[in-house]
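Visitor: Can you read through this structure? Questions will come right after.
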Amino acid sequence: MGDFDFSVWQPSLPFIRDGLLFTLRLTLIAMSGGIVLGTLLALARLSPNRWLANAASLYVNTMRSIPLVLVILWFFLVIPYLTGKPVGAETSAMITFTAFEAAFYCEIMRAGIQGIPRGQVAAAQALGLSSTQTMVHVVLPQAVRNMLPVLLTQTIVLFQDTSLVWAIGAKDLLKAADVAGKNYNRPVEMIVLSALIYFAICFSLSIAVRQIQKRGQQ
Amino acid sequence: MPILEVDRVSHAYGKQPVVRELSFTLAKGEIACLLGSSGCGKTTMLRLIAGFETPSAGSIRLNGVTVADAKTQTPPEARHIGMVFQDYALFPHLSIADNIGFGLREKSALARRQRVDEMLELIGLAGRGERYPHELSGGQQQRIALARALAPAPHLLLLDEPFSNLDVELRERLSLEVRDILKQAGMAAILVTHDQHEAFAVADVVGIMREGRIEQWDTPYNLYHRPATRHVADFVGQGVFLPGEVITRQAVKVELGLLDSDVPMECGSSCSDCQRSCRLDVLLRPDDIIHDDTSDVQAEVVAKSFRGAEFLYTLRLPSGAEVLSMVPSHHNHAIGEKIGIRLDVDHVVGFRQGE
C-alpha cells in the first residue's frame, strides 16, 4: 500500500470523459425510450383486449426474469441477424437497454395509472373527452407526476446497470477506466476514479429524488 | 318538451336488480332530487343518465334525443351532461382556471378565458384562477367543480352527493348557494343524496327511492304532508304512527281524541275505500301535537332533546304508545313529568293496518 499514483488521472481525463459521455447518452436514451415504450406496454397490459394484455405481460415478465447481462449478450448476437448487417456494440447497447428498461418502467406506469381515482376519468368524460383524450390529458400527466420519484430511482439503477455493457466491449465509463488503467499500468487508480464518478452522479440524483418526494408530500 | 325523459329504465349488477322500471321527467330549469338511503339505486340511476352504465331495459331521452335504449348507448362524452362528484374530482395537476376551462377545449383561447372569468365570478372566486385545487378549502373546491361542470353549458347537471364531504354548517350554506347558482343559470339538475334537508333545500321536486323504485315524486311540501306510502311517511321528517279507527271520511279516532279535518283524509293509495270502523295507522308529526296545560289528555315526558328554539319531547300516552311533540323551548319540563297535550292536525294521513 502507499504506492498509489493518482497523477495518472490527469492525462486519462479526455478518455474518461468520452466514456462518461457515452454512459450518460445511453442512460438518457434508455430512459426516454424506456418510459415511452413502457407507458405503451402499461396501456397494453391494462387494455380490455385480452390478446394485447397477455402479449404485453408476457414481454414484461420475460424481460424481468432474465439477468440483464444475458439480455445484453443475446441482443448483441441476435440483432445483426435481424437487421442483416452488424451493428456496433454502442447501438446494440442502446436498443437492448431501451427494450429491457421498458419492462420496468411499464410496471411503474401501470401502478401510476391504476392509482388515479376513477372519478378523474368520469369527470373528464362528463366534460366531453374521449377515452384516449382522457388518458393523454388527465390520467398520464398525473401518473407521471405521482410516479416521478420511482421513475427517477429506476433511472439511477439504470445508470449503474449501464456498466454491464462492458460485457460486449462498448466504450462506456467503466471500459474507458479499464483501458486507461491498462495503458498506464495503474488499474486500481482508474477503477477508483470511475467509482467516484458513478458515486457522485448517483448520490446527487438520489438527493434530487428525495427533494421531489418531499415536495410531493406537501 | 322535457329536458330529460326516463322511461321504464332498469339496471342490474349481475343478477342483483338495482333500478327497476324507473320513470320520471324533468322540465327545463327544474331541479330534482333522488332521495333515499344507501343502496336504493339512486347513484346508479345518475350513472345511467350520465352514460357510465347501460340500462338493461327502458330508454333515456335527453333534450328530445334518445341517448340510451335497446339499440343506442351514447357514450358519456357525447351527452353534454355536466357532473359534480362527491369527492369533487378536480384535476390536481391543473390550475383552477384550467380546471374550469377543461370542458371548453373546442373554443378559442379568448372565448375560453371569458367563460372561465364569468364562471369564477358566478361562484364568487373571481381572481383566484391561477391557484391550484389543493390550496383551497373543501367548499371552494366543490364550487369550482360546479363551475367546471357548468362552463360548457350542458343540457343537464348531475350532482352525486355533492355536499357529503363538507361539515354541516357549510353544507347548508353551500346547498342554498348551489340552488341560487343553478336557478341563475337556468340549469336543469338532478341531485342525489341521502340527506333530506339537503334535498329540500336544493330541489323543486324530490323522488323518494327505495329498492330501485321511486315511491313518490313530489314537492318537498307534499312529501312531508301528504306521503303516498308508509315508507315515505317514515323516511321523510319525524313522526310516529298511532292506531286509529275511521269514524267518517273526514274523521279518525285515536287515543288522543278525534282527528277531524276539513279535507278528506289521505289514506295511502290502497285505502281509498276507507269505511267506518276500518283500522288505520295514523301519522302524527311532532308539530301535530301541541302542548296545552288546559288539556285533559296527559302524557309523560320520557325523553327530550333541546333544539334551541324548541324542545322535541318524546311523550308516553296512558296506553304506552309514544308520540313526539315539538314545544317552544321556554316550556322546560323534566323527564317523568306529566304534561297536557292536544291534537292540531290539519289533515289526516293514515295507512291501513297490517300493510
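Visitor: Being within 12 Å of chain A (Cβ to nearest Cβ), open to solvent by 10 Å² or more (accessible area, probe 1.4 Å) and either without any contact (Cβ under 8 Å) to a residue 60 or more places away in the chain or out of contact with any His (no Cβ under 6 Å at 6 or more places or on another chain) (or both): is that true of B:Glu135 here?
Guide: Yes; evaluated as a whole, the condition is true for this residue.
Visitor: Can you say whether A:Met147 is touching a helix residue (DSSP H, G or I) at 6+ places or on another chain (Cβ under 7 Å) and within 14 Å of another protein chain (Cβ to nearest Cβ), as far as the supplied structure shows?
Guide: So A:Met147 passes the test.
Visitor: Now for a separate question. Select from region B:53-83 the residues that are surrounded by fewer than 20 Cβ atoms within 10 Å (Cβ to Cβ) and of a type in the set (Lys, Arg) and write down the one among them that is nearest to the other protein chains (Cβ to nearest Cβ).
Guide: Applying the filter and picking the extreme gives B:Arg61.
Visitor: Additional query: Considering only region A:74-87, state which residues are open to solvent by less than 40 Å² (accessible area, probe 1.4 Å) and within 21 Å of the chain's Cα centre (by Cα).
Guide: Within region A:74-87, A:Phe75, A:Ile79, A:Val87 meet the criteria.
Visitor: Looking only at region B:84-97, how many residues end up being within 7 Å of chain A (Cβ to nearest Cβ) and under 28 Å from the mean Cα position of the chain (by Cα)?
Guide: The qualifying residues number 3.
Visitor: Just to be sure I understand the filter: pairs with C-beta atoms under 7 Å, separated by 6 or more residues or on different chains, first member in region B:43-59 and assigned by TED's automatic domain parsing to the domain that holds B:Ile208, second member open to solvent by less than 30 Å² (accessible area, probe 1.4 Å) and of a type in the set (Asp, Glu). Which pairs pass?
Guide: Between residues of region B:43-59 that are assigned by TED's automatic domain parsing to the domain that holds B:Ile208 and residues that are open to solvent by less than 30 Å² (accessible area, probe 1.4 Å) and of a type in the set (Asp, Glu), the close pairs are B:Thr43/B:Asp160; B:Leu46/B:Asp160.
Visitor: Residue check: is B:Ala50 closer than 23 Å to A:Arg145 by Cβ, open to solvent by less than 10 Å² (accessible area, probe 1.4 Å) and within 12 Å of chain A (Cβ to nearest Cβ)?
Guide: Considered against the rule, which asks whether it is closer than 23 Å to A:Arg145 by Cβ, open to solvent by less than 10 Å² (accessible area, probe 1.4 Å) and within 12 Å of chain A (Cβ to nearest Cβ), B:Ala50 comes out as no.
Visitor: Here's something else I'd like to know. When you look at A:Gly19, is it in contact (Cβ under 8 Å) with a residue 24 or more places away in the chain and not hydrophobic (A, V, I, L, M, F, W, C), yes or no?
Guide: yes
Visitor: Additional query: Could you please tell me which pairs satisfy a Cβ distance under 7 Å, a separation of 6+ or placement on different chains, a first residue in region A:43-60 that is under 20 Å from A:Leu140 (Cα atoms), and a second residue that is open to solvent by less than 60 Å² (accessible area, probe 1.4 Å) and part of a loop (DSSP other than H, G, I, E, B)?
Guide: Filtered contacts from region A:43-60: A:Ala53/A:Ser47.
Visitor: Another one. Under 7 Å by Cβ, and 6 or more places apart or on different chains, what pairs join a residue from region B:160-179 that is farther than 20 Å from B:Ile49 by Cβ with one that is open to solvent by 40 Å² or more (accessible area, probe 1.4 Å)?
Guide: From region B:160-179, the pairs are B:Asn165/B:Gln86; B:Asn165/B:Asp87.
Visitor: Tell me which of these B:Ser164 doesn't satisfy, since it passes every other one: (1) open to solvent by 20 Å² or more (accessible area, probe 1.4 Å); (2) under 20 Å from B:Ala203 (Cβ atoms); (3) more than 14 Å from chain A (Cβ to nearest Cβ).
Guide: (3)
Visitor: I've got another one for you. Is it the case that some residue within region A:137-156 is under 21 Å from A:Val71 (Cα atoms) and in contact with a Ser or Thr (Cβ under 9 Å, 6 or more places away or on another chain)?
Guide: Within region A:137-156 (the criterion being under 21 Å from A:Val71 (Cα atoms) and in contact with a Ser or Thr (Cβ under 9 Å, 6 or more places away or on another chain)), the answer is yes, since at least one residue qualifies.
Visitor: Residue check: is B:Leu122 away from every other protein chain (no Cβ under 14 Å), open to solvent by less than 60 Å² (accessible area, probe 1.4 Å) and of a type outside the set (Val, Ile, Thr)?
Guide: Judged against the criteria, B:Leu122 is a match.
Visitor: Answer yes or no: is there a residue in region B:208-229 that is touching a Cys at 6+ places or on another chain (Cβ under 6 Å) and open to solvent by 50 Å² or more (accessible area, probe 1.4 Å).
Guide: yes
Visitor: Filter region B:329-346 down to the residues that are within 13 Å of B:Ile289 (Cα to Cα) and either open to solvent by less than 60 Å² (accessible area, probe 1.4 Å) or modelled with pLDDT of 90 or more (or both) and list them by number.
Guide: B:Ile339, B:Gly340, B:Ile341, B:Leu343, B:Val345, listed by residue number.
Visitor: Consider region B:23-42. How many of its residues are closer than 22 Å to B:Glu161 by Cβ, touching a Gly at 6+ places or on another chain (Cβ under 8 Å) and either free of Cβ contacts under 8 Å to residues at least 12 places away in the same chain or in a loop (DSSP other than H, G, I, E, B) (or both)?
Guide: Final tally of qualifying residues: 2.
Visitor: If you don't mind, another one. Criterion first (more than 14 Å from every other protein chain (Cβ to nearest Cβ), crowded, with 16+ Cβ neighbours inside 10 Å and out of contact with any His (no Cβ under 9 Å at 6 or more places or on another chain)) does B:Ile100 satisfy it?
Guide: So B:Ile100 does not fit the description; no.
The values are calculated or read from the model by the stated rules, or taken from the named source; none is laboratory data. Bear in mind the structure is a predicted one, so any value in this text is a computation, not a measurement. With ideal geometry, Cβ positions are generated from the backbone for all residues, glycine too; neighbour counts draw on all protein chains shown. Calculation scope for accessible area: heavy atoms of the full protein, side chains included, ligands and nucleic acids excluded. Shrake-Rupley method; radii C 1.70, N 1.55, O 1.52, S 1.80 Å.
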